[in-house]
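In what follows, a structure is listed as structure tokens, so that the remarks can point back to it.
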Amino acid sequence: MQKNNLKILVFVFAIIYFYIGVLYISSNRENVRETISRYGSSGNEVTQIQTKLKRWGYYNGSVDGIYGTKTYNAVKYFQRKNGLTADGIAGKKTLAAMGISNNTSTGSNTANVELLARLINGEARGEPYKGMVAVGAVVLNRVASPNFPSTVAGVVYQAGAFDAVDDGQINMTPSTSAYNAARDAFNGWDPSGGAIYYFNPATATNKWIWSRPLTVVIGNHRFCK
């Protein structure tokens, strides 16, 4: 009888330990999902982090997509300034504060590239490739700015922001160049010089836009802040 009771106890404890292990693994997986980029990471998301932090004056290193010491320290600096836990890890809350989606599924990233490519195609079709990337960079610069919506879709569809949305050209199938330009913009290339506006002087009717500080002229577009 005692042996049977012992077997039952062993079985019960085995079940308990099994479920504790499952909960521990599940918790760790959740942390992995939320801790997207940290020291030693590399890739497109790190490039986005470096690009934004450099634009805002937190980071003075190269935009190389490698989460090294300078990136780690810049993230901590950003976190301290924004009331976040200063652990140097670009987790869910830190990425949200930077305006970077922490959704690791390719669907979200693909949707943003698709939308940006459509805008570039509608706004800069026929412009030099560098000018196409610059148009994409303007959208991302607006996402990073507190004066504009914090998502790509929010910026693109902001009322009156882009002619290609108003006249329906955004619904055209993007060219391969437009897709490549969108990806280059997401990867941190900004030929616009940090611009948040651009216009074609041959067609512009808004006098205010001429008052904005010029950053660069590419093709038929003047880029400005």
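The values are calculated or read from the model by the stated rules, or taken from the named source; none is laboratory data. Note that this is a predicted model, so its numbers are computed, not measured. Using ideal geometry, Cβ is built from the backbone for each residue, glycine included, and neighbour counts are taken over all protein chains shown.
Below are the figures for this structure:
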{"quantity": "Within region 81-110, considering residues that are among the β-branched types (Val, Ile, Thr) and closer than 19 Å to Arg183 by Cα, the one modelled with the highest pLDDT", "calculated": "Thr110"}
{"quantity": "Filtered residues of region 120-178 (kept if within 27 Å of Trp56 (Cβ to Cβ) and basic (Lys, Arg))", "calculated": "Lys130, Arg142"}
{"quantity": "Residue identified as of a type in the set (A, V, I, L, M) and at pLDDT below 90 among Val12, Val75, Val113", "calculated": "Val12"}
{"quantity": "Positions within region 193-223 being among the polar types (S, T, N, Q) and either in contact with a Lys or Arg (Cβ under 7 Å, 6 or more places away or on another chain) or closer than 19 Å to Asp163 by Cα (or both), in sequence order", "calculated": "Asn200, Thr203, Thr205, Asn206, Thr215, Asn220"}
{"quantity": "Some residue of region 82-94 being surrounded by 14 or more Cβ atoms within 10 Å (Cβ to Cβ) and under 21 Å from Gly194 (Cα atoms)", "calculated": "no"}
